[in-house]
Structures are given as C-alpha cells and as structure tokens.
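What follows is a set of notes on a single structure, which appears directly below.
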Amino acid sequence: MASEARVGLVRRLQLWAIARLRRSRFLPVGMPDKLTDEARLGTPFTQQVMLYFPTPQDSLYQLRPWYHALKALDEVHPIVCVFKDSRTARVVRAETGLDCVTLARYGQLDEILSLSDVKLALYVNHDPINFESLRFTSLVHVYLGHGDSDKGVSVSNQVKAYDWCFLAGQAALERTASAVMLYDAAAHSVLIGQPQLDGAAAVTGTPSPDGRQTVLYAPTWEASQPSVSYGSLETHGEALVRALSPAYRVIYRPHPLNGVIRPSYAAADAIVRELADRVDTDVTLEQSFADADLLVTDVSAVTLTWLPTGKPLLVTQPLVAYPPSRLMDVVPLLGPSDDFAAVVSEHLSADPTKADRDALVEHYLGDPTPGVATARFIAACEDVMAIRDREWAAAKTRGANGI
C-alpha cells in the first residue's frame, strides 16, 4: 500500500510540474502548452468552417501566408481556428481577428464537433495530429498546404487522407499525378492559384546606398526527413556569401526552422548571418523581394513565389532528388564548386532564362491577376461545402452519425 501511495504521489507531482511548466515562459515555442479555453467547452461552434492547426508557434510561417484568404472567406463563411497551443492562438487572434480556440485534448474537439454543424475543415500542413480532426466523417477535409514547391513533400502520400487538395496550378496537379500511385489526382484536386500572393502589400524596393546590386539568399531549412533535405547552408552558404561580397549587397533571409534538427546547420546559419550585409528576420518577404535584383534559393516554395517578379533566379543543386520539374529544367542549378560570382554576374547582366521562366508563371501559379486566386479559393470552399451537404444528407439516411 505504501508503495502504491508513493507512485500516486510521484504521478501527482509530475502532473503539477507539467501544469506549471505549460503556464511558464520557459516552455519552448516548439512545444504546445495545451492550455484549453475552458469557457468554450460544451459550447457548439457557430461557424461552418474550421481551420485546424495543432502545430506549435514556431510553425506559424506555414499559416501566415493564408491570412488574407482566410479573412476573405471569413467575411462570407465565418471560420473558427482550432489550436493546441494557446500562445499560437493568441498570436493568430491578434494578427487576424479570427475566432481562435485552444483545445488540448481530442475528446474536447469530439464533444464540440458533435454539437456543431461544421462542414469544412482546412489544413495547411501534414502534422500527424491532423488525424484527430480527420477522423470526423460529417466534415469534408481540404488540404491547402503552405506554398507549392518542387520539394518531394509536395507529393506526399498523405494527400490521400483529405477529400480534396486545393492546388496552385497545373504543375502541382501534374506533379501529384505522376508521383502518387493509387490516387486519382485530378478527381481530388481543385486548382485555385495562389491566394497567398493576393495578400501581399505593395512595397517599394530600397536600393543599396552604395549603388551595389543586391543578391537575396533565401535557403530552406535542413528538414526533418533526410530524403527531402534540400537546404544549402552547409554546402553553399558561407562560400556563396564570401564569393559575392563585397561586389554585391547580400541579404540573407533565414528559414525560421534552421538548425532545429542538426546543430551543424545552426552553425552554418550563424556564419552566414555574420557575413551577410543584412539579415531579414523581421522584414516581410515582399520587402526582401523588392530590395533584391537576383534570388539564390533552394528547391522550395520561395522559387515559385519569386516567379512573378520576373527577376533572375538561381537554385542550389540539392544533394537529394526532387520530383520532375519544368522549372528546375529551366533554372540554372548552382553546384557547391561553381564560380558563384561569375554565374551571378552573367544572370544579372543577361538573364538568359527570363523568357522561359515567364512562360511558366501560369503553369505554376494559375492566373496571377490580383484577387482572382482568392475568389477561386472562396468559390472552391463553397463548392465542396455544397457537395458535403448533399452527401452527408444521403449518408444520414444510411445511419451515419459523424463518429
């Protein structure tokens, strides 16, 4: 009995310590605090659209590009945003004005959805915890992603978990159809363009005060899976910046997750920060783009976001394979031993791939006319909700209850 009492006491102390840590400022931003909005328990959502984002605060870069489109959708079809981290919910609430709720446990989501008439769930990443929401059969589930790219993760087998994927352009559909077997990509994909680009504020470029041309270096992170590790900081970073300085102003835009997997990648990031003329951590991507004359980046979504600028683009040669890509067939790939300064000079002066890149804008991004993609996004949400209503009505006649 005394042994059982000690075990119980230890467990209570553990739970007390965990609760204190969750409420403290020492809890890492990469760990959800799971502090439930108790006042929302037992109360149905009034909205018919739910954004599910169980991912911690350090991954907000995945959600922020969707703010403009989500707020536009909220005006006609109100949205509730569900989180597992109250700090993330607080930030998104302050930045968007959307209704943000923190639900720590799966059972809490289960209870509220059983009381609600939510029709559509949206997801911006493939977090495994998404399955706590994907389980519900009375909703249609749509994967939005957080930026189309030629990365291997853009053709994950995980797309099969969703009823539809909203894709940017024909390139994304072709990529998925060619890489994901036993999956009808055309039937489960809706092409909407990139609403993220509609929310970009108009900015004016700031030239280098000394007249130098500006090169933006915006590599991706090292990735959690070796098979999709496209980051170039360790293979190119230091040598690239040293080769371009001082002839060019070098702006470095680090990925927010640099170094979370490998300490060596964090060390490479620190070196480039020291060498660059400017480090853009608190500058919008639009401003970084406006200030640059040429972009050097990795296989990532940054390449496609840059395409409409019409300015020169170079991509680093990754150490791992990437899916077939018309863009990668066009854009020069920088190897680790290339003469970086000579390649940059050639493309700044002549930009030999410009016509080929311009021809790919619609293929990758759809119609880039401002507002078109956002309108398509809203229309696509309405279309799938209408299908849900029809199919769910039929399912209920067969005895379905959403559980």
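Structure above, values below:
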| read-out | value |
| --- | --- |
| In segment 230-279, residue nearest to the chain's Cα centre (by Cα) [restricted to those that are within 27 Å of VAL29 (Cβ to Cβ) and among the polar types (S, T, N, Q)] | ASN258 |
| The lone exception for THR88 - which of (1) crowded, with 22+ Cβ neighbours inside 10 Å; (2) assigned to a helix (DSSP H, G or I); (3) touching a residue at least 60 places away in the same chain (Cβ under 8 Å) it fails | (3) |
| Any hit, segment 84-93, residues being within 19 Å of the chain's Cα centre (by Cα) and under 19 Å from ARG376 (Cα atoms) | no |
| Which numbered condition GLY231 fails, given (1) out of contact with any Asp or Glu (no Cβ under 9 Å at 6 or more places or on another chain); (2) under 15 Å from ASP298 (Cβ atoms); (3) assigned to a loop (DSSP other than H, G, I, E, B) | (1) |
| Some residue of segment 52-72 being in a strand (DSSP E or B), under 20 Å from the mean Cα position of the chain (by Cα) and under 27 Å from THR284 (Cα atoms) | yes |
| Cβ-Cβ under 6 Å pairs, at least 6 apart or on other chains, segment 165-189 side over 17 Å from CYS381 (Cα atoms), far side among the acidic types (Asp, Glu) and part of a loop (DSSP other than H, G, I, E, B) | ALA172/ASP148 |
| Which numbered condition VAL330 misses (of (1) in contact with a helix residue (DSSP H, G or I) (Cβ under 7 Å, 6 or more places away or on another chain); (2) within 30 Å of HIS77 (Cβ to Cβ); (3) not polar (S, T, N, Q)) | (2) |
| Conditions (1) closer than 21 Å to TRP306 by Cα; (2) assigned by TED's automatic domain parsing to the domain that holds TRP164: number failed by ALA185 | (1) |
| Qualifying positions in segment 362-387 - outside any helix (DSSP H, G or I), among the polar types (S, T, N, Q) and touching a residue at least 12 places away in the same chain (Cβ under 8 Å) | none |
| Flag for ASP298 being in contact with a Phe, Trp or Tyr (Cβ under 7 Å, 6 or more places away or on another chain) and either among the charged types (D, E, K, R) or not assigned by TED's automatic domain parsing to the domain that holds ALA223 (or both) | yes |
| Conditions (1) under 21 Å from the mean Cα position of the chain (by Cα); (2) among the β-branched types (Val, Ile, Thr); (3) surrounded by fewer than 17 Cβ atoms within 10 Å (Cβ to Cβ); number of the one not met by THR369 | (1) |
| Residues of segment 311-370 that turn out to be of a type in the set (Phe, Trp, Tyr) and either in contact with a Pro (Cβ under 8 Å, 6 or more places away or on another chain) or within 18 Å of ALA247 (Cβ to Cβ) (or both), as a count | 1 |
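The values are calculated or read from the model by the stated rules, or taken from the named source; none is laboratory data. Since the model is a prediction, treat every value here as computed from it, not as a measurement. Glycine also receives a Cβ, built like all others from the backbone with ideal geometry; neighbour counts cover every protein chain displayed.
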